[in-house]
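Written below as structure tokens is the structure these notes are about.
Here, each number is a calculation from the coordinates, and none is a lab measurement. What you are looking at is a predicted structure, and each value in this text was computed from that prediction instead of being measured. Cβ sites come from the backbone with ideal geometry, for glycine too, and all protein chains shown count toward neighbours.
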Amino acid sequence: MNTTLFELQGAVAVITLDQPPVNSLGHALRQRIVAALDAALADPAVRAIVLTGKDKAFSASADVSEFGSPLQLAEPLLGQVLARVESCSKPVIAALGGVALGGGLELALACHGRVALDTARLGLPEILLGLIPGAGGTQRLPRLTGMDTALALIQSGQPQSGRQLAESGLLDQVVTEGLMEAAKALALALADQLAKHGTPLPRARDQQLDPASTQALLTRQREKLSPRQQLQPAYTALLDALAAATTPFEEGLKRERELFLRLLNSTPAKALRNQFFAEREAAKLAAALQTNPRFVQTVAVIGAGTMGAGIAICALDAGLNVILLEQDEAALQRGCQRVAEHYRSRVSAGKLKASVAAASEARLNPSTDWAQLCQADLVIEAVFEDLAVKQAVFRQIDLHARMGAVLATNTSYLDVDAIANVTARPQEVLGLHFFSPANVMKLLEVVRGTHTAPDVLATGMALGRTLKKLPVLTGNAFGFIGNRIYNAYRKQCEFMLEDGAWPEDVDRALTDFGFAMGPFAVADLSGLDIAWRMRQAAAASRDPRERYVAILDRLCEQGRLGRKSGAGYYNYEGGKQVKSSDAVVRSLIEQASQQRGLTRRPLGTSEIQRRALLAMVNEAALLLAEGVASRASDIDVVLVQGYGFPRWEGGPVFWARQQDRAALEQDLDGLAEISGPGFVRCAQALTP
Ligand code: NAI
């Protein structure tokens, strides 16, 4: 850290925040700002002060790693630093060049003026960590911008650019260059007005909001909170804090602080922090596996179906060259249309510049000629989920790919070794399991085969980062991490149908818990026939004693393949689920209960939730015990990012660790009993 407190430029003290990497407002930086202000105030040569950051960051937030630790609560608290800035007798201007997020933006709000580059990114992302701004953000921002803008910025948690915020009232000036000159000029102008006319320094706290219209707006917002937002206390707390912005400033600050501290120790905030760190951790290979990745500039994608086209798009978006290979011209054309349609719709929605889309599309090389593969640094196969087909494709890849190319399969369930072993180079093969839609979903399971070389694995992880994904390492076992846990969960939900619940009971209980969708609605959406085919393929090897629920098979036999056929577990009209329950489905379910000799009984919401979650927890423990998942937190990342597990519940492992240990173990025993043969009860507990 630079030890100079400020640099005198003319009559302006420039205080440069310099706490790599992103000027998080940890204890050390907070102390330094106060010391610099004191020094600048004491220096008669200083008439005004500019606070600025380095290169990319003014300040990217409070220091999340201090959250919940004594350092976060060590003086000077951020709120005290801000009060110090605000009460300075010399004008303090924030010069915002890069990101000003969270506590960083709150610091800027406490200044007497703000100048930003048009490209600066400004935001209050606390809500994404289950919090509200805790250093005056909810009190100062609405006073500067009005309640509408403040609410939108804080409730979305998403940053906006200086350009977007130019007219919002947050910024005094937005410039395309000459940031420091503009900030210093504003600082001196305020100093002049103060000296010549006694004009008080402008402070957000002195502004007033109209109480009646503000409260009316917040009441409307309260009614508009989505069910998922209502499950997260930060959304309601935010409206409470904003409502306090119509009270005297100090009172509002006090209210904000109370709400912030209550949230800080809440389980959702802990879960969200846990995810934040788990995601960072997941993307790193364990030290023993770390090595340099191979160079990848050209990727070949084989199969231009749903997944292949999506993978091609994200590689193009990341600036890579893409060879898209199909088995025939017609399929290739369909794939190319998918890609073209994607870019067309992004451009027409104003989300992408036409020139950027054109540059991406220009890097696409569609082909049916296997010889093209020799140009690829990395090949991703995304053909039908059929071992024989994939093996045939890998034999072709082996013939045509250059030596040293990394060879990946996007299989969801198949054995990566069985695919790798048809090549003469199984050490170059790994799984790269993308999720659908591949250009949207962030999760990427990177599957390590028995022979996968360390640098091949490192290349898979690095590619994930290049594609802006969240890569998670997994061992090569049926369903890897995500599908394996999801299968155990879905199976348990099917047991509950036989035991007495209806699909809508199960789905409602799980959406009430916070899942984006219930398992039967998900099954209908993805199509029941995929699972049906897999069940048929596995029938011969299934243990006859295993508890097997055949409801899905019966539905498929009746042509009820899910949403695409107009009916599955539910009926659909015009693509929308019909609310009323379906007599055919109910009678199929009743028959299934009868055949198993079960007397149906209603299952309550919490019983459904607990059974479904326990099934996940047990499978998570098995995955860890078997070494398929290398870190417990990776499992949480997979379930949250890929399967709609509510982020604020932290994932199955985090959830399990919040439960009473003895009760959890006892309930797992109970679950094993209900589930019968075929359910493997993990002996190893998920201890932290
Ligand atoms: P799809 O049926 O939409 O596309 C497969 C494509 O592969 C077709 O366009 C087909 O013409 C092409 N193809 C088949 N044999 C070929 C060959 N010998 N050479 C070149 N191209 C060939 O299938 P989808 O959904 O894209 O799935 C592909 C793979 O991705 C499967 O392994 C699947 O399990 C996996 N996957 C699918 C997900 C999904 O939600 N659809 C999610 C994650 C993985």
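Do the alpha carbons of any pairs in K54/K224; K54/K254; K442/K491; K224/K468; K56/K284; K224/K491 sit beyond 28 Å of each other, and which pairs? Don't jump to the answer; show the numbers that get you there.
Numbers: K54/K224 40 Å; K54/K254 32 Å; K442/K491 26 Å; K224/K468 32 Å; K56/K284 24 Å; K224/K491 35 Å.
From K54/K224; K54/K254; K442/K491; K224/K468; K56/K284; K224/K491, over 28 Å: K54/K224; K54/K254; K224/K468; K224/K491.
What ranking do K270, K284, K468 get, fewest neighbouring Cβ atoms within 10 angstrom at the top?
Ascending number of Cβ neighbours within 10 Å: K468, K284, K270.
Compute the angle between helix 528-538 and the longest alpha-carbon principal axis of the chain, please, reported from 0 to 90 degrees and rounded to the nearest 10.
50 degrees
Which angle between 0 and 90 degrees, to the nearest 10, do you get for helix 179-197 versus the longest principal axis of the chain when only C-alpha atoms count?
On a 0 to 90 degree scale, this one is about 40.
According to the square roots a ≥ b ≥ c of the eigenvalues of the Cα gyration tensor, what is the shape class of region 451-552, taking rounded for a/c under 1.5, prolate for a/b larger than b/c otherwise, and oblate for the remainder?
oblate
Rounded to the nearest 500 deg cm²/dmol, what is the calculated helix-only ellipticity per residue at 222 nm for the chain, with -39500 (n - 2.57) per DSSP H run of length n ≥ 4?
-15000 deg cm²/dmol
Identify all lysines with a Cα-Cα distance to K576 below 21 Å; exclude those on the same chain that are fewer than 8 residues away in sequence.
Cα-Cα hits under 21 Å: K564.
Along its principal axes, what span do the Cα atoms of the chain show, with the longest given first and each in whole Å?
Largest to smallest, the principal-axis extents are 91, 62, 49 Å.
Report the gain in length on full extension from Q658 to V389: 0.36 nm times residue separation, minus Cα-Cα distance, nm rounded to one decimal.
Numbers: separation 269, 0.36 × 269 = 96.84 nm, distance 4.47 nm.
Going from the current span to full extension adds 92.4 nm.
Tell me which residues come under 5 Å, amide H to amide H, from R114 once H is placed; ignore anything under 5 positions away on its chain.
So R114 has HN proximity to A94, D172, Q173.
Could you tell me what percent of the DSSP beta bridges with both partners in region 7-264 are antiparallel, to the nearest 5?
The answer is about 20 percent antiparallel.
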